[in-house]
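Rule-based calculations on the coordinates, nothing more; no lab input. A quick note: this is a predicted structure, and the numbers were derived from the prediction, not measured. FYI the Cβ positions are ideal-geometry reconstructions off the backbone, even for glycines, and counts take in every protein chain you see.
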Amino acid sequence: MSRATIEEVAVAAGVSRSTVSRVVNGSDRVSPEALEAVRAAITRLNYVPNRAARSLASRQTHAIALVVPEDTTRFFGDPFFAAIVSGISARLGRSDYILNLLIASDDPGDKMTSFVRNGGVDGAIIVSHHTGDLYVERIASAVPVVFGGRPMTVRPTDYFVDTDNVLGGRHATEHLLGIGRRRIATVSGPRTMPAAVDRIDGFRQALAEAGLEPAGEYDGGFSEAGGAEAARRMLTSGAGLPDAIFVASDLMARGVMSVLRGAGVRIPEDIAIVGFDDSHVATSVDPALTTVRQPMFAQGQAMAGVLLELLAGGEPAHRTILPTDLVVRESA
C-alpha cells in the first residue's frame, strides 16, 4: 500500500494542510472540531509523519534544546530542574518534537552556541540564566527562544514564562510578620539572577510596609552548601541572630536548618524559617518547611507550549506569569 500523504489527510478531514501540520506538531492553535477531524483522518488513513522528508524540505530538526547555564552538580542536585524538565517533556510528548539537554557546565557557551546556530535544533528554552551568560543572546539571535524566568533586561521581542517571585517573597515575609517576628533576615540566590532579585524585592517591600529593616541579607547561591555557609556567616556576624529567615529556595533552607540545629538553635522557637519552591525537600526536613509553592511542572509545560506555538507560526503572549501559594508547615 502506498503511504498516505499530509495532503490526503487534509482532504479527508476537510481542513487545510497547515491545520494538519499544526495537529501533527502539537500546536494548541487548532479548534476542537478540527483536531477531532484530523485525528480521525490520520487513524483512518494510517498516516505516519515522515520526519526525515519534512526535515529535508523545511530544514527543521524537530528538536528543541533546553539550555541550562549551570554546572552538572547544581542541575542534577536541585529538584527545581527535575520538575521543569518533567513539565517540558510532558508537553512535548503531545508533539512531534524531541528534547535535547544542553548543560553549560564549564563551557563558556561556545560549543552550545555553535550547535544551535549550525541548525542542531529548531528552538530553545533557556532556564537559570545569569547576567553574565552573554552567549544566551547569540542563541536567541539564531532560533526562537523562550526564557524560563524573566530576563534581567526584558526586550519587547522576548518570550518568557515566570513565577510571581516578588509576590512570593512578600507572602513569605508577611507570614513571618504575621506570627510576630520582627528581626527577619533573608538568604537569597545570586543577585545575577532575576528570580533572586525579585524575591529580595518582595522581602524588602513587606518589611518596609511594616516599618522594619532587614536583619541581614546573605547570598546562598541557590544551593544547599551555599545555604549552610550563609547560616555560618549569620552565626558569626556579631549582629545577633534574627528571629526569622526567609530562605529563597528549599534547598538552601535545608542547609540553613542543618547549621542552625548544629549550633543549638531551635526551629521555629528561636528562629522561624520560610523557604521557596515546595519541592520534596520541604517535607524531608525536620521540622517540615513552611514554603512558597511555585508551579514548577506547570512552568515547564507553559514554556514548551509557548515555544511550540512560535514554531508553528503562532503569536503567543510574550509574558506568562504564574501564581505562587504559601504552604504553612511546622518551621514557621
Go ahead and run the numbers for FRET between Glu213 and Ala317, Cβ-Cβ distance against an R0 of 30 Å, rounding to 0.05. 0.20
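May I ask you to derive the FRET efficiency for Glu33 and Arg94 from their Cβ-Cβ distance with R0 = 22 Å, giving the value to the nearest 0.05? Please report the intermediate quantities before stating the final value.
On the way: r = 18 Å, r/R0 = 0.82.
So, using R0 = 22 Å, E works out to roughly 0.75.
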Pull up all non-local amide H partners of Arg329: gap of 5 or more, or a different chain, and H-to-H distance under 5 Å with H placed in the peptide plane. Thr290, Thr291
Can you give me the long-range amide H partners of Leu66? Hydrogens built in the peptide plane at 1.01 Å from N, cutoff under 5 Å, separation of 5 or more residues or another chain. Asn100, Leu101, Leu102, Ile125
Karplus-derived 3J(HN,Hα) from phi for region 315-327 (6.51 cos²θ - 1.76 cosθ + 1.60, θ = phi - 60°), whole Hz, x at Gly and Pro, runs 10, x, 5, 6, 10, 10, 10, 9, x, 10, 9, 8, 10
Could you estimate the translational diffusion coefficient of the chain from the Stokes-Einstein equation, with Rh from the Kirkwood formula over C-alpha pairs, at 4 °C and 1.567 mPa s, in whole µm²/s? 60
Given H placed on each backbone N at 1.01 Å, which residues far from Asp162 in sequence or on other chains put an amide H within less than 5 Å of it? Gly149, Thr320, Ile321, Leu322
Cα-based helix-to-principal-axis angle, 250-262 vs the chain, degrees rounded to 10: 20
